[in-house]
Each structure stands twice: as structure tokens, then as C-alpha cells.
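Visitor: One structure coming up, written as C-alpha cells, with questions to follow.
FYI, it's all coordinate maths here, none of it is from the lab. What you see is a predicted model, and the numbers here were worked out from it, not measured in a lab. Positions of Cβ are backbone-derived with ideal geometry, glycine not excepted, and every protein chain shown enters the neighbour counts.
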Amino acid sequence: MPSKVPEGASRGWIVPIGGAENKENDRHILERFVRVSGGAAADIVVIPTASRLHETGPRYQKLFRELGAARVDVMDFDTRRDCQEPGRLERLEQASGVFFTGGNQLRLSTLLGGTPVAKLVRLRNAQGVTVGGTSAGASILSEHMIAFGDEGSSVISGSVRLAPGLGLTNRFIIDQHFRQRDRLGRLLTALAYNPFAIGIGLDEDTAAFIGPDETVEVEGSGGVTIVDGAGVTYSSMAEAEEGQPVCMLGLKLHVLVAGATFNLHTREANADALTPAKE
């Protein structure tokens, strides 16, 4: 359940990244993450728990330092007991930005779910702290998380398994490596279970910067696919047997690139910034 935003405060940025973001030449996405985390005063905690690679955390630590963050620490969690340590919680209290690396989102949810760390990250985001993640670290950010599913563009009953995420918001469901791994069908299937949510499919090297006003701003070299199921007039999901295709009518789909936006509250897309000015 998302934490309530305190009176007079603004929710912090939520920054899901589709994975494989550019870390060498054009580090635009990570640069902006540092900016919305405080710029030169940014204090970032990197959580590499989803990854089994020891170099993952230090690599992002080095990157964020090179991009101008004042302080960057790596905080890994190997057991649920780690999530109760006062020292770790105190460090998270100090952070202006929290970043989850890629890996296995189920490892994140099983280690962090329901712990003081998960509750604190939700609370701090509601208080204005930026929280982002890449690949598996992006999927975990919302309340409903795609744990795994089949590739392809068709909506197939039983082709997706959902799990609880961190719960920063319940407004959307995220999928990553979207175009590269042909994941439209599994995002549509997840929305067939819960048409209230908005589907956000993130291509690699592409991020959705979701501001306090709930506007999605696209950064990066790929696209962000937005699927709005609020207008669904018919779905056969309840009747379909496992493995059968599902009929869905009334879905609305947008494909955004850098410069385009989508407001999660009004459910309206905008590409004015991409429209050539009239002479």
C-alpha cells in the first residue's frame, strides 16, 4: 500500500529504467537521476540485492560519483534480518535518492517485501525522496509486479505471474526490456487481471521520470509504451482457460519517445514538445 504524502509535501520522483541504460558515452538517464536526487548535494544509496554479481553495486557507486553526487553508498541485503538493522535504516533515512539495480525481481521482493526497509523506502518517497531502479529494479517499484511471463504480443490466460512489489504506487504496472524481449503480450495480460492500473513498457536505455505531479517524462534512446485499460468494454479473461487467448476491447495504447509525456491522473498523452513550431 503506498504511503500517504504528508500535508504540504510532494511525493518524490519515481524513476523506472528499462535496463541496459548507457553507462559509457551518453549517460543522460543516470545524469538526470542524480539531478532529481539533489544534484551536487545528492546522497544516493544503491541497493544491488537483485543481482548476484559482486561488481554491480560498486559499478553504480562509481558512476553516480562521476556524475556529481556528493555521497554514494552501496547497501546490499542478503537476508531479511539485514532489513531490520538500525544502522541500515538510519542510512536510508539520510538518502535523497535510492537506486535498485537489475537482476532478479523475485529476489528483491522475497528479501525486502514486508520489512522495515520496504516500509521506509515507501515512506521516504512519499516525503520527497527520489526512488528509481533499472530492469528488475524498475519492476519492483509498483504495488503489482510482473514476476515472469511468456514473450509475444498476444494476451494469453495464465501466461503471466504477478507478485507484490514495493508499493510506491498502485497506479501502474511496469515491464522492462520491452521491445527487445517482445513483452507486449505479458503486459496486456497483467492489465487484463487489473484494468485499473496503467501499463508502462520500457525499452532498453529508456526511462520514465514520473514527477510529483504524476506526469511521465521519457528519457533515453527508445520508447515507452503506455497501455490504458480504464476504457475496456469487454474482457474474456474470467472465462478463458489457461493457455487460451483473451479478447479485450477498448484498450488505449500510446508510444512515447523523449519529449512526449503522459499524465497518470488525467490519463492524457502529450507530444507538443515534438511538434515543429509554425513559422
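Visitor: Which of the aspartates and glutamates could a cross-linker span from Lys119 if the Cα-Cα distance has to be under 16 Å and same-chain partners fewer than 8 positions apart are dropped?
Guide: Excluding near neighbours in sequence, the set is Asp82, Glu85, Glu90, Glu93, Glu143.
Visitor: Treat every Asp and Glu Cβ in the stretch 102-192 as -1 and every Lys and Arg Cβ as +1, leave all other atoms uncharged, and give the resulting dipole magnitude about the Cα centre to the nearest 20 debye. Intermediate values should be presented prior to the final figure.
Guide: Values: 10 positive and 5 negative charges, 51 e Å.
Around 240 debye, computed over the stretch 102-192.
Visitor: If you don't mind, another one. For every helix of n ≥ 4 consecutive DSSP H residues, a contribution of -39,500 (n - 2.57) applies; sum these over the chain, divide by its total residues, and give [θ] at 222 nm rounded to the nearest 500 deg cm²/dmol. Can you show the working numbers first?
Guide: Values: 7 runs with 62 residues, N = 279.
Mean residue ellipticity, 222 nm, calculated: -6000 deg cm²/dmol.
Visitor: If one takes the longest principal axis of the Cα atoms in the chain, at what angle in degrees, from 0 to 90 and to the nearest 10, does the Cα axis of helix 56-66 lie?
Guide: Its long axis makes an angle of about 70 degrees.
Visitor: Here's a follow-up. Placing +1 on the Cβ of each Lys and Arg and -1 on the Cβ of each Asp and Glu in the stretch 131-279, which of Gly243, Ala208, Thr266 has its Cα farthest towards the positive end of the resulting dipole?
Guide: Of the candidates, Gly243 comes out farthest on the positive side.
Visitor: I would also like to ask the following. Nearest 10 degrees, 0 to 90: what angle lies between the long axis of helix 116-126 and the longest principal axis of the chain (Cα atoms)?
Guide: 80
Visitor: Along the charge dipole of the chain, Cβ charges K/R +1 and D/E -1, which of Gln105, Gly128, Gly231 sits furthest on the positive end?
Guide: Gly128
Visitor: Taking the DSSP beta bridges in the chain as the whole, what percent of them are antiparallel, to the nearest 5?
Guide: On the way: 31 of 52 bridges.
Around 60 percent antiparallel, to the nearest 5.
Visitor: For a protection proxy built on the mean count of beta-carbon atoms within 10 angstrom, sort 49-56, 236-243 highest first, please.
Guide: 49-56, 236-243
Visitor: In addition: Can you compute the charge dipole magnitude of the stretch 1-150 about its Cα centre, using +1 on each Lys and Arg Cβ and -1 on each Asp and Glu Cβ, nothing else charged? Give it in debye, rounded to the nearest 20. Intermediate values should be presented prior to the final figure.
Guide: On the way: 19 positive and 17 negative charges, 37 e Å.
For the stretch 1-150, the charge dipole is close to 180 debye.
Visitor: How big is the chain in terms of Cα radius of gyration and Dmax, in angstroms?
Guide: Taking only Cα atoms of the chain, I get Rg and Dmax of 18.3, 63 Å.
Visitor: Still on this structure, please answer the following. Which value, in debye to the nearest 20, gives the size of the charge dipole of the chain about its Cα centre, when Lys and Arg are +1 and Asp and Glu are -1 at the Cβ? Don't jump to the answer; show the numbers that get you there.
Guide: On the way: 28 positive and 34 negative charges, 124 e Å.
So the magnitude is around 600 debye.
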